[in-house]
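Just so you know, all these numbers are worked out from the coordinates, no wet-lab data involved. All figures in this text were calculated on a predicted structure; none of them were measured in a lab. Cβ placement follows ideal geometry from the backbone for every residue including glycine, while neighbour counts extend to all protein chains displayed.
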């Protein structure tokens, strides 16, 4: 029995005595006999050293990123977080707290969330931000629903180049209210969205929102995105943006975005095999009462001292129930804390310098891979920052990655939808220049990639 | 001894350093002019120490389980074991990318697979997915599964209604609405589902009945088997909201009670920290009828290897990027492994023992609605306080001054001025008695003091109405307000 359940001698007996009962069995008299179960069959408990040993044994079967020259990235980044971030996140006052329902007892977290909201406002160019959502994909889903609340129509347009996982999440968010998703085709040479298609679709009058991503699902920048709003007019524009990219790119609010969402994991949050992540969500002031999730506002206490509290709560499920803007109860407060501490420790100049350095590495990588026969690198003629797409002109991506892995290289991830029955797609990989790689790793990648392309067809 | 929370006159982060001119960030070759940032990000340049001090001070103005008893009903605020924190920070856990090849992530996949096996047993439902990021996310995914199930049966056009008791958490109706259903609340009788009302409400329009058991009044729905029969006879599905599972661990489970699908909150029953409002971690468990619709991928064991399986043609697809909140799954696995069979059963027994003990003690101060035997939590009504000109809210604020968190207040709404109290199994009798003593002092304090509370915290009572009426939601709003205040008032031209 773990010592986490108090068992001072006589303690349980005293509790039972106070209730005038002999056994805790009597406390379950209201559970009908026919509903009772026997053994769970989960095995015996273990002491702490055994638990640590057992889990360490399992974790040793993982090969963490640091064991490789790592070129895996995309929406989830493998980035170094200064030790100060975890030192703050690991404070019990923060991580063992619940949602700040009692604001007077929770000023620390409320102020942190207010600062977090402020940071996303500055990065995105929006008027307001919420206190976070589960991840970037679900933030896009919530953005879709916001668009429908503020604009009539049945169709929502998304790039055909969006990662398949995000498409699938969006399809789920659209399915409840019976909405349709349309995919905007892209130019095969540049990966740019077909603005003519968007114009034609919007012209039909049934589009209630359009989503575009910066960088796009291929890692590239699409010069057409800043022009979208002029085509859309009143139709809301959602931009999915990477927070680090926004330290060097124009805030989407400056080119007319109505909602800006993103994945915030790269700021101080370990990838942890995919979670917890951090959904970023900001929108224009006129959409404030349609926004999903918790929002922190500044106020004062009875003495007039600055104080913070959850606000605009009449949008939320605990008050509005089935008419709430979202079912969000839990968000990602602790991850929001990591995000704002990371950005503040690294600072605006440090962040822009980091993005600049990753972009420089990516260019070195692209030129090293670009000379390999049988590999289009980058696949698209379009600008990029730290990530870009390569395409294998022969052989398949899985075998290519396997060969690299045997040389201790994580060479990126395939962009195809892995579900059987998915539309076949070209053998494309998203590759990322990560902080952990230098010129040596880049040359190693290029050499291994050349060998892997040449070895196609043979047994891996 | 009087409790005093730290009270730092800590400025906002941006007020710690003067604003500087913001030159454009470095130009990256190839980035088109239309997309280039023209002005650097507006955010202060601070030293690492300044940042660390700022957030350390803020942390000292925050209650957590580590600082205070947290009797927040329905939130199951139990101790978050430190060993879980240690393990989640190992390189083999934290430094893993979700797109790594399966061969390099066998340990992570095995942990997920093992935890899913444990949760199958705990829920009595044969298939489990850990993809959901939180409880409400699990509810939503489950209702999308229900939707897909009825679509396959050609009944979707007809089965448009989700039924729920009036004690349901707000997330239930909100999730149902997001999944495209209309909702209908069934009035409770003595704090439990009124079987007659349910029988009258079910029909061939019923897609699902969502139920929390024990419910939010802290009562076990003893008619559960009849409830399940009623819903199933009408062709509907039965959904288990696992927010309150802590009370029945190893006693009964959703499968035995007749539920078709369930969500659990790992951040409640399995002690993963709630982080001041998240991250959570939701578990989706499904019976045979709905299991084919669970999100992909599923973690499977093939021979001795663990794989992500995407070949589930009926699956609703993805509900979140990556697989789930692995960092929390790992913590929950450490919790389950530590407790084992006897430990998990003991969790429920001690949690319910604590709750009944506290209910008996506090029942001396305020009336307790419904029957006396409760499970993980119980309700009190603060209605009699009104005779003294105070409300439940005042009592809640006054408890904060004792250095304990307040209970959940004004929910569920079927009890006037309700307080919902839960102190789970990790609280000792000493802590329970200390809470009773704090409650005693609070409830006997003068109406003036009660209305004036809290006085011992970083701030006093907050004007929440003003926050909503004139929303100030960011630094940008604060700057705009300052500019407005400082702008010279235009002088009217002489007539």
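When you restrict to C-alpha pairs under 8 Å that are six or more residues apart and normalise by the size of segment B:83-338, the relative contact order lands at 28 percent.
The overall shape of segment A:176-247 is prolate: from the C-alpha gyration tensor, with semi-axes ordered a ≥ b ≥ c, the ratio a/c is 1.5 or greater and a/b exceeds b/c.
Please figure out what share of the DSSP beta bridges in segment B:83-338 is antiparallel and state it in percent, rounded to the nearest 5. Looking only at bridges with both residues in segment B:83-338, the antiparallel portion is about 45 percent.
Each distinct pair of alpha carbons in segment B:130-269 adds a 1/r term; the inverse of their mean, the Kirkwood radius, is 14.8 Å. With the convex hull drawn over the C-alpha atoms of the protein assembly as shown, the volume per residue is 177 Å³.
For the Cα trace of segment B:120-212, dividing Rg by the Kirkwood Rh returns an Rg/Rh value of 0.98. Calculated translational diffusion coefficient of segment B:24-177 (10 °C, 1.306 mPa s; Stokes-Einstein with Kirkwood radius over alpha-carbon pairs) equals 73 µm²/s.
Enter the mean number of other protein chain beta carbons within 10 Å of the beta carbon of each residue in B:130-138, as an integer.
On the way: counts 1, 2, 1, 12, 10, 3, 7, 8, 0.
Averaged over the peptide's residues, the number is 5.
Across segment A:350-443, the volume of the C-alpha convex hull divided among the residues equals 115 Å³ per residue. The simple spin-label model puts a point 7 Å past each Cα toward its Cβ; for residue A:396 and residue B:383 those points are separated by 6.8 nm. When both segment A:5-81 and segment A:321-349 are represented by their alpha-carbon centers, they are found 27 Å apart. The fraction of Cα-Cα pairs per 5 angstrom bin, counted from 0 for segment A:208-344, comes to 2, 9, 15, 17, 19, 17, 12, 6, 2, 1, 0 percent, rounded to whole percents.
Scaling against 2.2 N^0.38 Å puts the C-alpha radius of gyration of segment B:261-341 at 1.20. The eigenvalues of the Cα gyration tensor, multiplied by 5 and square-rooted, give segment A:314-395 an equivalent ellipsoid with semi-axes of 41, 22, 9 Å from largest to smallest.
Residue order for B:203, A:124, fewest other beta carbons within 10 angstrom first, comes to B:203, A:124.
Packing here is the average count of other Cβ atoms within 10 Å per residue, and on that basis the peptides B:388-396, B:351-359, highest first, run B:351-359, B:388-396. Applying 1/(1 + (r/R0)^6) with r as the Cβ-Cβ distance of residue B:187 and residue A:227 and R0 = 56 angstrom yields a FRET efficiency of 0.55. Taking every DSSP beta bridge that has both ends in chain A, the antiparallel portion is near 55%. For the listed peptides A:296-305, B:165-174, a ranking on the average number of other beta carbons within 10 Å per residue, highest first, reads B:165-174, A:296-305. Take each residue in A:119-126, count the other chain C-beta atoms within 10 Å of its C-beta, and the mean is 4.
Taking a temperature of 37 °C and a viscosity of 0.692 mPa s, what whole-number D in µm²/s does Stokes-Einstein yield for chain B with Rh from Kirkwood over alpha carbon pairs?
The Stokes-Einstein estimate is 129 µm²/s.
Dimensions of segment A:1-125 based on its C-alpha atoms, expressed as ranges along the principal axes with the largest first, amount to 62, 45, 34 Å.
Summed over all non-identical Cα pairs, the Kirkwood treatment of segment A:11-52 gives a radius of 13.5 Å. Using alpha carbons only, the radius of gyration of segment B:157-210 set against its Kirkwood radius gives Rg/Rh = 0.96.
If you scale each eigenvalue of the Cα gyration tensor by 5 and take the root, what three semi-axes come out for segment B:254-404, rounded to whole angstrom and sorted largest first? Intermediate values should be presented prior to the final figure.
On the way: eigenvalues 327, 64, 59 Å².
Output for segment B:254-404: semi-axes of 40, 18, 17 Å.
Highest mean first, the peptides A:418-424, B:141-147 sorted by other C-beta atoms within 10 Å per residue fall in the order B:141-147, A:418-424. Extension gain for residue A:440-residue A:17 works out to 145.1 nm (0.36 nm per residue, less the C-alpha to C-alpha distance). Label-to-label distance, residue B:341 versus residue B:2, with points set 7 angstrom from Cα along the beta-carbon direction: 5.5 nm.
In units of the compact-protein estimate 2.2 N^0.38 Å, segment A:403-460 shows a Cα radius of gyration of 1.29. Here B:14, B:475, A:120 are placed in order of increasing Cβ neighbour count within 10 Å, fewest first, which gives B:14, B:475, A:120.
Using only alpha carbon pairs under 8 Å that are at least six residues apart, calculate the relative contact order of chain B and give it in whole percent.
Working: 871 pairs, mean separation 95.5, N = 495.
The normalised contact order for chain B reaches 19 percent.
Scaled to the globular estimate 2.2 N^0.38 Å, the Cα spread of segment B:83-338, given as radius of gyration, is 1.00. Using alpha carbons only, how many angstrom separate the centre of segment B:88-126 from the centre of segment B:33-81? Taking the Cα centre of each part, segment B:88-126 and segment B:33-81 sit 28 Å apart. Value of Rg to Rh for chain A, rounded to two decimals, is 1.03; Kirkwood radius and Rg both from alpha-carbon coordinates.
The mean number of Cβ atoms from other chains found within 10 Å of a Cβ in peptide B:402-411 is 2, as a whole number.
For Cα pairs less than 8 Å apart in space and 6+ apart in sequence, what is the mean separation divided by the residue count of chain A, i.e. the relative contact order in percent? Numbers along the way, then the final one.
Values: 828 pairs, mean separation 93.6, N = 460.
Once normalised by length, the contact order is 20 percent.
Once the mean of 1/r is taken over each pair of separate Cα atoms and inverted, segment B:310-364 shows a Kirkwood hydrodynamic radius of 15.0 Å.
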